[in-house]
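Just below is one structure, and these are the notes that go with it.
The values are calculated or read from the model by the stated rules, or taken from the named source; none is laboratory data. Because the structure is a prediction, the values reported are computed rather than measured. When we count neighbours, we look across all protein chains shown, and the Cβ atoms used for this are built from the backbone with ideal geometry, even at glycine. Note: areas computed on protein heavy atoms with side chains; ligands, DNA, RNA excluded. Shrake-Rupley method; radii C 1.70, N 1.55, O 1.52, S 1.80 Å.
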Amino acid sequence: MHPIEAELKRVVDIGLPGAFVYTEDADGTSQFFTEGYANLATQQRMTPTMHYRVGSTTKTFTAVVALQLMAEGKLALSDTLAARLPDLPAPNADVMTIEHLMRMRSGLFDFEDDSSLLGDLDAHLQPISLQHVLDLTVKHPAEFTPGEKFTYCNSNFCILERIIERITGNMLGQEFERRIFKPLGLENTSYPSEDDLGLPEPYIHGYERTVDGWRECSHVFFGRGDGALISTAVDLGKFFRALLIERRLVSADWMAQIMSVIEDNPPADEKYGLGLMAYPTPCATLWGHAGGGFGYGNLPYMRQYSGRFAILMLNGTYGFRLPTTPNLPRPRFSPEFRASLYCE
């Protein structure tokens, strides 16, 4: 048995509904490994072209649109939130910049931590509008002065979504379609409207662990410009290759800024550029953006030197932001295993 298959079998045997690894090399060759099921009821197996919720990987797509607008002279990293959204009563809006938002250094409250949503699956099983997300964000005080430090905050990229709408006169999904999906041929990637929690067929079902077993939660709110994207393993490979290797979406000069990381003392939890995560491994620093929520976990990263891309995805979770079943064993993939996908 291949070592990847063995590791996937281990976590599924412990209890996960299903998991897959998709790898793609610079010469176009790819491999797909999976254990468990895309649908527990029918025992349908996963494939690399099945749709699923990619979560915060959406942030990199949103960042690309914002950076393209900057290249067109329609937006700047130094623009303040007050100048771009004067009607949004956000704390510190007069000194908070687009760069603060994109680098997760805004100091804003994360809407997912509001008491109406925090750790509550039922609250996520209904659509939530972008405006409501923004309202939840600004009703709370700032957590720190913009630029002071890194703190991961989903609200930042929802605000970017509203700014993109104001600049372009289009919904973010329309800009994704025009600027990313069509040019790259991402035929199985979509950004649903805010009242749509469905997924295109065929899709990988998402499950949340409860004390009574696995509860399906495929039709679940995953955010907006911070996390609502639906895609496939194959399409994500095309996107990150176009961004990081082929430089088809953003120029080399802008890529240098995207991949620059501000070092904090003490070190921040994540090495974060402009909507892009750096993931250090023994063989190289990988670039991508993890994503997750109720029912899904998604880890797509690329090693630039070799052009190797890999995704590790699971369709079972044990809570989002708060553990729902703390006394149950939680299957985990080790950092060593994740690194091995790129260090072969």
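Could you tell me whether THR80 is touching a strand residue (DSSP E or B) at 6+ places or on another chain (Cβ under 7 Å) and without any contact (Cβ under 8 Å) to a residue 60 or more places away in the chain?
On the way: touching a strand residue (DSSP E or B) at 6+ places or on another chain (Cβ under 7 Å): yes; without any contact (Cβ under 8 Å) to a residue 60 or more places away in the chain: yes.
Answer is yes for this residue.
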Residues being assigned to a strand (DSSP E or B) and open to solvent by 50 Å² or more (accessible area, probe 1.4 Å) - total across the stretch 167-226: 4
Residue in the stretch 227-239 that is nearest to CYS153 (Cα to Cα), counting only those that are touching a Phe, Trp or Tyr at 6+ places or on another chain (Cβ under 6 Å) and crowded, with 24+ Cβ neighbours inside 10 Å: ALA228
Failed condition for LYS271, given (1) surrounded by 16 or more Cβ atoms within 10 Å (Cβ to Cβ); (2) in contact (Cβ under 8 Å) with a residue 60 or more places away in the chain; (3) not hydrophobic (A, V, I, L, M, F, W, C): (2)
Subset of the stretch 109-124 (residues that are hydrophobic (A, V, I, L, M, F, W, C) and open to solvent by 10 Å² or more (accessible area, probe 1.4 Å)): PHE109, LEU118, LEU121, ALA123
Residues within the stretch 1-31 that are in contact with a Phe, Trp or Tyr (Cβ under 6 Å, 6 or more places away or on another chain) and open to solvent by 60 Å² or more (accessible area, probe 1.4 Å), tallied: 1
Breaking point among (1) closer than 27 Å to GLN257 by Cα; (2) part of a loop (DSSP other than H, G, I, E, B); (3) of a type in the set (A, V, I, L, M), for ILE128: (1)
Criterion: free of Cβ contacts under 8 Å to residues at least 40 places away in the same chain, closer than 22 Å to LEU77 by Cβ and not basic (Lys, Arg) - qualifying residue of PHE144, PHE181: PHE144
All strands (runs of 3 or more DSSP E) inside the stretch 239-344 with 1 or more residues being more than 29 Å from LEU67 (Cα to Cα) and within 16 Å of the chain's Cα centre (by Cα): 308-314
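Could you check the stretch 260-280 and list, in sequence order, the residues that are within 13 Å of MET302 (Cα to Cα) and touching a Ser or Thr at 6+ places or on another chain (Cβ under 9 Å)?
As a first pass, look at the stretch 260-280 and keep what is within 13 Å of MET302 (Cα to Cα): 276-280.
Those that are within 13 Å of MET302 (Cα to Cα) and touching a Ser or Thr at 6+ places or on another chain (Cβ under 9 Å): LEU276, MET277, ALA278, TYR279.
Given the options LEU88, LEU81, LEU67, name the one that is buried (at least 22 other Cβ atoms within 10 Å of the Cβ) and more than 30 Å from LEU236 (Cα to Cα). Break it down stepwise before answering.
Working: LEU88 fails: buried (at least 22 other Cβ atoms within 10 Å of the Cβ); LEU67 fails: more than 30 Å from LEU236 (Cα to Cα).
So the residue among LEU88, LEU81, LEU67 that is buried (at least 22 other Cβ atoms within 10 Å of the Cβ) and more than 30 Å from LEU236 (Cα to Cα) is LEU81.
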The listed residue being farther than 30 Å from GLU216 by Cβ and either in a loop (DSSP other than H, G, I, E, B) or over 18 Å from the mean Cα position of the chain (by Cα) (or both), out of ALA142, ALA123: ALA142
Restricting the stretch 304-343 to residues that are surrounded by fewer than 23 Cβ atoms within 10 Å (Cβ to Cβ) and closer than 17 Å to ARG241 by Cα, the residue that is modelled with the lowest pLDDT: TYR305
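Could you tell me which residue of the stretch 24-49 is nearest to LEU199 (Cα to Cα), considering only residues that are of a type in the set (Gly, Ala, Ser) and part of a loop (DSSP other than H, G, I, E, B)?
Narrowing the stretch 24-49 to residues of a type in the set (Gly, Ala, Ser): 26, 28, 30, 36, 38, 41.
Pick out the ones that are also part of a loop (DSSP other than H, G, I, E, B) and you get 26, 28, 38, 41.
Values: ALA26: 30, GLY28: 28, ALA38: 13, ALA41: 17 Å.
The extreme case among them is ALA38.
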